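The values are calculated or read from the model by the stated rules, or taken from the named source; none is laboratory data. No experiment lies behind these values; they were computed from the predicted model shown. All Cβ positions, glycine included, derive from the backbone under ideal geometry; neighbour counts span all protein chains shown. Surface areas here come from the heavy atoms of the whole protein model, side chains and all, with no ligands, DNA or RNA. Shrake-Rupley method; radii C 1.70, N 1.55, O 1.52, S 1.80 Å.
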Amino acid sequence: MNEQLDKTDLRLLKELQKDGRLTNNELGDRIALSPSQCSRRRARLEAEGYIRSYRAYLDREKLGLDMLVVISVTLATHNRDNARRFSQLINGLPEVLEAYALTGEMDYHLKVATRGLADLSKFVNDVLLPHDSVQHVKTSIVLDTLKTFEGFPVPGSWHGDGTR
């Protein structure tokens, strides 16, 4: 935890992470602080980079993106140039929601959303596999989502055992 953050900052971050549209009046009511103090603290936390942005969380399925897939990728060769080319490829693909470089057997895991099996097939066969940086692709279709990302644990709000 950064020593610049006090308990009030942490409560403010926790509340804004739940609902980024809170006004300073609403936020002040929730954390027992005046709206002007909330405004000053929020502005400071934004300026210091603790709050990176405010976004709407869209419903993937209502947008017609019914298939969620985890794709494991192995690169053809392991060098900086090949990794850079792969990174450029996936950063230009809107279907890729998240991408992680890994240790272990596979080099990358991609979280991908498509409209269905036909779009997934096109994505793998026409985009990923033909790319010169890619050697092997393994897809795993998500059957059920047990937990979605709802925000980072704010220090002071979690116990070591994961309970609140």
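Quick notes
- For the chain, the share of accessible area belonging to carbon and sulfur comes to 51 percent (1.4 Å probe, ligands and nucleic acids excluded).
- Here each label is just a point 7 Å from Cα along the line to Cβ, and for residue 122 and residue 34 those points are 5.8 nm apart.
- Under 17 Å from the Cα of residue 111 - lysines, other chains or at least 8 residues apart: 122, 138, 147
- The chain, helix-only ellipticity at 222 nm - DSSP H runs n ≥ 4, -39,500 (n - 2.57), divided by all residues, nearest 500: -9000 deg cm²/dmol
- Taking every alpha-carbon pair under 8 Å whose residues sit at least 6 apart, region 3-121 reaches a relative contact order of 21 percent.
- Accessible area of residue 48 in the full protein assembly, 1.4 Å probe (Å², nearest 10): 90 Å²
- Which labelled figure in [x] 149, 18, 9; [y] 26, 22, 14; [z] 39, 19, 15 is semi-axes √(5λ) of the Cα gyration tensor in Å, once derived from the coordinates: [z]
- Proximity of backbone amide H atoms, modeled 1.01 Å from N, is registered between residue 107 and 73, 74, 75 at under 5 Å, excluding neighbours fewer than 5 places apart on the same chain.
- Where the chain is the region considered: accessible area per residue in Å², 1.4 Å probe: 70 Å²
- By the equivalent-ellipsoid construction on the alpha carbon gyration tensor, region 67-140 comes out with semi-axes of 19, 12, 11 Å, ordered largest to smallest.
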